[in-house]
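Student: Attaching a single structure in structure tokens format; questions to follow.
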Amino acid sequence: MNPVRLPSRGPETTASGGNTMAISTRITEMLGIEHPIVQGGMMWVGTADMAAAVSNAGGLGIITALTQPTPDDLRREIERCRGLTDKPFGVNLTVLPSVNPPPYADYRKAIIDSGVKIVETAGGRPQEHVEDFKSHGITVVHKCTSVRHAVSAVKMGADIISIDGFECAGHPGEDDVPGLVLIPAAADQIKVPMLASGGFGDGRGLVAALALGAEGINMGTRFCVTKEAPIHDNIKNLLISNTERDTALIFRGFKNTGRVTKNSVAEKVLEISARPDVEFKDIQPLVSGAKGRQALTTGDVDAGLVWGGQVQGLIHDIPSCQELISRIIAEAEEIIQGRLARFARG
């Protein structure tokens, strides 16, 4: 594993006026970004405005392809993002089982035709997508929730693995392995650079991820609570007021576990799911994406599912993306060169 490199030169002054150092890893070099911090793809949240804000702050912003109603809408969103930033950004394409699946191949073609250089893939059976992206010179970041899937993704051609621990929002898989074990276990098995995902939101998490064998972090829930996130303030304030205990695991009986923020909808889903004869159709009206989008846009916290990870217990404010990333890097600098350095003295 390549070491993380901290430059010998002094701290830099950021756009927000604070001093940060540079943390250089294979992630920053491969993606062409200043800081090893990536905004993961998030349904309804990964818009051009969100991605550009993260990229302009020195991280890697990501547009979520399926947030756009059609592949042509995605093309327009990619172009819109180019008008908002001259920094690298990526596009997420998540492939999930569905009764009526979206036209994944058409979305993939839109990404390729638009000249996107970085793609985050997630979900099952991504091989045809990864192969096509790679044949067009695109750097592929694949998100996995287990070591075995990470190993398979590397064999498939993924350039970077985003390893997603049990703490995460969304779908943490069925193994229930938290990041403290999953990250180093994956680092022992794979040689490509790795992003640590699930439970990250501050400088302490970044340093921990680097120590465990990752070369950067992927954040979702934390970026939802920023000024630029296209989410109603009621939802942002809900995540701030919550603790690490305020999430629920749904869909467990359907082998498609999802971690969401606790609200009345999540509680109703759990209640119905506890019935011995439950079928997915019994909860389907409650968990529709349209209802979740309604919650995010209207601020009605009980309108639908609100996806959120355990990291909400570490979220206490609503900074800009620039302020958040600068703060994370400054915290990491203090920990590495201050607190940890003191422990190492003879």
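The values are calculated or read from the model by the stated rules, or taken from the named source; none is laboratory data. On a predicted model such as this, the values are computed, not experimentally measured, just so you know. When we count neighbours, we look across all protein chains shown, and the Cβ atoms used for this are built from the backbone with ideal geometry, even at glycine. Keep in mind that these areas ignore ligands, DNA and RNA; they rest on the heavy atoms of the full protein, side chains included. Shrake-Rupley method; radii C 1.70, N 1.55, O 1.52, S 1.80 Å.
Student: If we count GluC sites (Glu not before Pro) as exposed when they sit in a DSSP loop and have at most 15 other beta carbons within 10 Å, what is the longest stretch of the chain that avoids them all? Kindly include the intermediate steps, with their values, before the conclusion.
Tutor: Details: sites that count: 174, 244, 279.
My reading of the result: 1-173 is the longest stretch.
Student: Any idea what angle helix 203-212 forms with the longest principal axis of the chain, computed on alpha-carbon atoms, 0 to 90 degrees, nearest 10?
Tutor: Between helix and principal axis, roughly 90 degrees.
Student: Okay, moving on. Stick to Cα atoms and the Kirkwood definition of Rh, then tell me Rg/Rh for region 236-346.
Tutor: Ratio value, two decimals: 1.16.
Student: In whole percent, how big is the carbon plus sulfur part of the accessible area of the chain, probe 1.4 Å, protein atoms only?
Tutor: Carbon and sulfur atoms account for 52 percent of the accessible area of the chain.
Student: Something else now. At what distance in nm do the modelled label points of residue 98 and residue 227 sit from each other, each positioned 7 Å from its Cα along Cα→Cβ?
Tutor: 3.5
Student: Right, here's the next one. Obtain the nm distance between the two label points defined at residue 249 and residue 181 by a simple spin-label model: each point lies 7 Å from its Cα along the Cα-to-C-beta direction.
Tutor: The answer from the label model is 1.2 nm.
Student: Only Cα pairs under 8 Å and at least 6 apart count here; give the relative contact order of the chain as a rounded whole percent.
Tutor: 17
Student: Something else now. Report the full-extension gain for the segment residue 337 to residue 29: residue separation times 0.36 nm, less the Cα-Cα distance, to one decimal in nm.
Tutor: Computed gain between residue 337 and residue 29 is 108.7 nm.
Student: In nm, to one decimal, how far is the residue 188 label point from the residue 82 one, both placed 7 Å along Cα→Cβ?
Tutor: Going from the residue 188 label point to the residue 82 one covers 4.5 nm.
Student: Show that you can apply the helix-only estimate: for the chain, add -39,500 (n - 2.57) for every DSSP H stretch of four or more residues, divide by all residues, and state [θ] at 222 nm to the nearest 500.
Tutor: Counting only the DSSP helices, I get -11000 deg cm²/dmol.
Student: Same structure again: Roughly what angle does helix 179-189 make with the longest principal axis of the chain, taking Cα atoms, 0 to 90 degrees, to the nearest 10?
Tutor: Helix 179-189 and the main axis of the chain meet at about 70 degrees.
Student: A further question on this structure: Give me D for region 17-93 in µm² s⁻¹, whole number, from Stokes-Einstein with Rh from the Kirkwood sum over alpha-carbon pairs, 20 °C and 1.002 mPa s.
Tutor: 169
Student: Calculate how steeply helix 147-156 sits against the longest principal axis of the alpha-carbon atoms of the chain, using the helix alpha-carbon long axis, and give the answer as 0 to 90 degrees to the nearest 10.
Tutor: 80
Student: When ligands, DNA and RNA are left out and all protein chains stay put, how many square angstrom of accessible area per residue does region 194-346 have with a 1.4 Å probe?
Tutor: On a per-residue basis, 45 Å².
Student: Pull up all non-local amide H partners of residue 117: gap of 5 or more, or a different chain, and H-to-H distance under 5 Å with H placed in the peptide plane.
Tutor: Here the answer is none, since no amide H 5 or more places off falls under 5 Å of that of residue 117.
Student: Just one of (1) 32, 61, 8, 0; (2) 31, 52, 17, 0; (3) 35, 61, 4 is P(r) over Cα pairs in 20 Å bins from 0, in percent calculated from these coordinates, so which is it?
Tutor: Label of the calculated value: (1).
Student: So for 202, 86, 72, what's the accessible-area order with a 1.4 Å probe, most first?
Tutor: Descending accessible area places them as 86, 72, 202.
Student: Further question on the same structure: Would you mind checking 268/291; 143/227; 117/227; 262/291; 143/255 for any pair whose Cα atoms are more than 20 angstrom apart?
Tutor: Pairs exceeding 20 Å: 143/227; 117/227.
Student: I've got another one for you. Applying 1/(1 + (r/R0)^6) with R0 = 30 Å to the Cβ-Cβ distance of residue 284 and residue 262, what FRET efficiency is obtained, to the nearest 0.05?
Tutor: About 0.90, to the nearest 0.05.
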